[in-house]
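Read-outs: derived from the displayed coordinates by stated rules, not from any lab. The model shown is predicted, which means the values in this text are computed figures rather than measured ones. Ideal geometry is used to build each Cβ from the backbone, glycine not excepted, and the neighbour counts take in all protein chains shown.
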Amino acid sequence: MFKNELSSEDLLRIIFKYTAKIASERSLNSVLVFMADMGREMILSDRCTVWLIDVVSEQLYTTVAHGVDEIRIPLGTGLVGSAIATGEPIIIEDAYSDPRHNSDNDRKTGYHTKSIITVPFRNNDGEIIGAYQAINKLTEIGYFTSRDLEMLTLAASYAGKSLESVMLHQEIIDTQREIIFTMGEIGEIRSTETGNHVKRVAEYSYILARGLGLSATEAEMLRTASPMHDIGKVAIPDAVLNKPGKLTPSEYEIIKSHTKIGYQLLKGSKRELLRAAAIVAEQHHEKWDGTGYPLGRKGEDIHIYGRITAVADVFDALSAERVYKAAWPLDKIENLFREERGRHFDPAIVDVFFEKLPKLLEVRGQLTDKETD
């Protein structure tokens, strides 16, 4: 069914709608989706794809393409590769009459490409970082015009610069995550744990958080922060931390101090991720009934991050084999969680634990501790 060309008022409405969404968004994938939707609506195309340059692999790729999954092609190939290489937009009325059109994707998807418009977009330094590509005009004329080129070029000019800002923000977040994970591993290595312990606790925490109804953003925050739960152990003497026998009361107090130490290390940060890590470090040994440490918080006075990490950490500690203990069988672990529901652990999280247990076990199987020589 053909559509009528948009009026100036309609175009302005679309531009204002999507520029507001893009300006307030920090998720790279969400921005790419908004860009694709804005382009498609502005020029009335059937599909719109946002292509980015992968410099390392020398490929062009898209994670946002209406109707298809991720596509990767060699840099410089296809119409999009040609537009990026020359820096010039391309309009084609009949794709199959142009030798630059890569018809392999059509054969894979069963989709028939007719008309194409491709517009490179640049960052604030004027460097090309990707391109818009719209396919199949939905008006009666059936192909893209100079007006479409003008509109998509306008969208590319704004979106390209906004995209660079989001990509830089994402790079900062990724760097923070890498630092947090590495620091978490350091804390575990000192206590004879393995790097996979923090990986498993992170994944368990994410699964439990989503099962409880936390948003994907908040669950991801916890997954990133939870590897820091034992970072305070870096300040615990080896003689106490790795003592093979039973701890004396004074030694146990020293061990317990790792929660306060971890919190003190992290609490002053202005970064949201590190503030979340501070909460996890301090509160993952608190208990639902108030008998935990360091402050004896009770029930919902314990932050949800601490309550979730407590379940994830204990599950992994009991499941894993160590030089000083054997792994508990699953039925024994299940019995403990039933007994400690409403005592050590938040009842709602224990219920989600049992609901998500098959997925937790799948993660455990994927992230096993490999013996080293």
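How many nm separate the modelled label positions at F16 and K246, each set 7 Å beyond the Cα in the direction of the Cβ?
If labels sit at F16 and K246, their model points lie 7.4 nm apart.
Calculated FRET efficiency, D125 and K267, Cβ-Cβ r, R0 30 Å, to nearest 0.05?
After rounding to 0.05, the efficiency reads 0.20.
Quick check: residue separation of D46 and A326 times 0.36 nm, minus the Cα distance between them. What number comes out in nm?
94.9 nm
What number, rounded to the nearest 500 deg cm²/dmol, is the helix-based mean residue ellipticity at 222 nm of the chain, given -39500 (n - 2.57) per DSSP H run of at least four residues and division by all its residues?
-17000 deg cm²/dmol
List the pairs from K267/K287; K233/K267; K199/K356; K161/K270; K260/K356 whose alpha-carbon separation is above 23 Å, in the order I gave them.
K161/K270; K260/K356
Each label point is 7 Å from the Cα along the Cα-to-Cβ direction; what then is the distance between the points at S30 and N105, in nm?
Going by the 7 Å Cα→Cβ label model, 2.6 nm.
Per residue of the stretch 27-40, in order, report the coupling 6.51 cos²θ - 1.76 cosθ + 1.60 (Karplus, θ = phi - 60°) as ³J(HN,Hα) in whole Hz, putting x for Gly and Pro.
So the J values, rounded to whole Hz, are 7, 4, 5, 5, 4, 4, 5, 4, 4, 5, 5, 5, x, 5.
Quick check: convex hull over the Cα atoms of the chain, volume per residue in Å³, rounded to an integer?
Values: hull volume 70.6 nm³, N = 373.
Dividing the Cα hull volume of the chain by its residues yields 189 Å³.
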